[in-house]
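See structure below.
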Number of protein chains: 2
Amino acid sequence: MADESSYRPLFFYRILITIDEDDRPSTARAFRFALTMARDYGAELGIASVLENNDISIYESLMPAKLNEKRAHLHSIVKEYAAKAKEFGVQDVRPIVSEGGDVDDVVLQQIVPDFEPDLIVCGADVEFASHGHPGAIGLRLARKSDVSVIVIR
Amino acid sequence: MADESSYRPLFFYRILITIDEDDRPSTARAFRFALTMARDYGAELGIASVLENNDISIYESLMPAKLNEKRAHLHSIVKEYAAKAKEFGVQDVRPIVSEGGDVDDVVLQQIVPDFEPDLIVCGADVEFASHGHPGAIGLRLARKSDVSVIVIR
């Protein structure tokens, strides 16, 4: 049993939530948990979404306007979440949009080193359906990440 | 994006922490997080440990006194954690000791249906080394459970 002195409160200072463009039921619950923690403990909240290259068809990649539209759409979704977070009472909110081939890699190799969260919040059924690996991204982040991960159901 | 009305706070009412007999570094952090949540949101805290049948040698199974000693030891550890939780300021604490062949199954089939947690807290390096499946139990619970799971690092 650990020393008594180690039982001081533990909470998180930098909370990252990964959101799905589609509105999966668990995303809303995960977002609510992230909002609650960030507000009640004064944590900074990073709200991240990933534009996967798999989501971009060859047709679109040949049409920069179409691609920019897709990017702009994702930015507007993340900004909408950020606005809701401020409304909820979270002081520090950072909207994050990244792009890459593999959503796990983008989160772990780009977003996490940049934002440096101490907690990643993810809905259990956020799947990024287009994604090569089937199954929930939260579970893969829980396995691969070196920070704490909560999978919300 | 979900309806604005869905963004009410989300926290947990029944928090289960699974502890390892050995004092892994992540157990102390996981325990601190569970204490903090349970105290700050008035949740009931279940503190569970599992006596795995694999831990019981044939020699011991033929010696009821030895087995009872092992049980009593685990009970005393869990009770010690429970006392620390009360000291920390958690009002409702339930010490739980279970036995079975497989720690995952015991947690998911005995402890969870009985305690009915809405959050399971687990240290990332709680391995139950004796256990058939290598790797952290928290990750397996995150995958198999139908409640939210946080893996603390």
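The values are calculated or read from the model by the stated rules, or taken from the named source; none is laboratory data. In this text the structure is predicted, and so the values were computed from the model without any measurement. For neighbour counting, all protein chains shown are included, and Cβ atoms are generated from backbone atoms with ideal geometry for every residue, glycine included. We work out accessible area using only protein heavy atoms, side chains counted, and drop any ligands, DNA or RNA first. Shrake-Rupley method; radii C 1.70, N 1.55, O 1.52, S 1.80 Å.
A few notes on this one:
- Each pair of Cα atoms in the protein assembly as shown enters the Kirkwood radius, and Stokes-Einstein at 4 °C and 1.567 mPa s then converts it into a translational diffusion coefficient of 63 µm²/s.
- Built amide H within the under 5 Å cut-off of B:R94, gap 5+: B:L45, B:G46, B:I47
- On association of chains A and B, roughly 3700 Å² of accessible area becomes buried (total for both chains; probe 1.4 Å).
- Overall Cα dimensions of chain B - principal axes, largest extent first, Å: 62, 33, 28
- Gain upon complete extension [A:Y59, A:H75; 0.36 nm per residue less C-alpha separation]: 3.6 nm
- Helix-only [θ]222 nm of chain B, DSSP H runs n ≥ 4, -39500 (n - 2.57) each, per residue, nearest 500: -11500 deg cm²/dmol
- Chain A has one residue whose beta-carbon comes closest to the axis relating it to chain B; that residue and its distance in whole Å are A:I150, 2.
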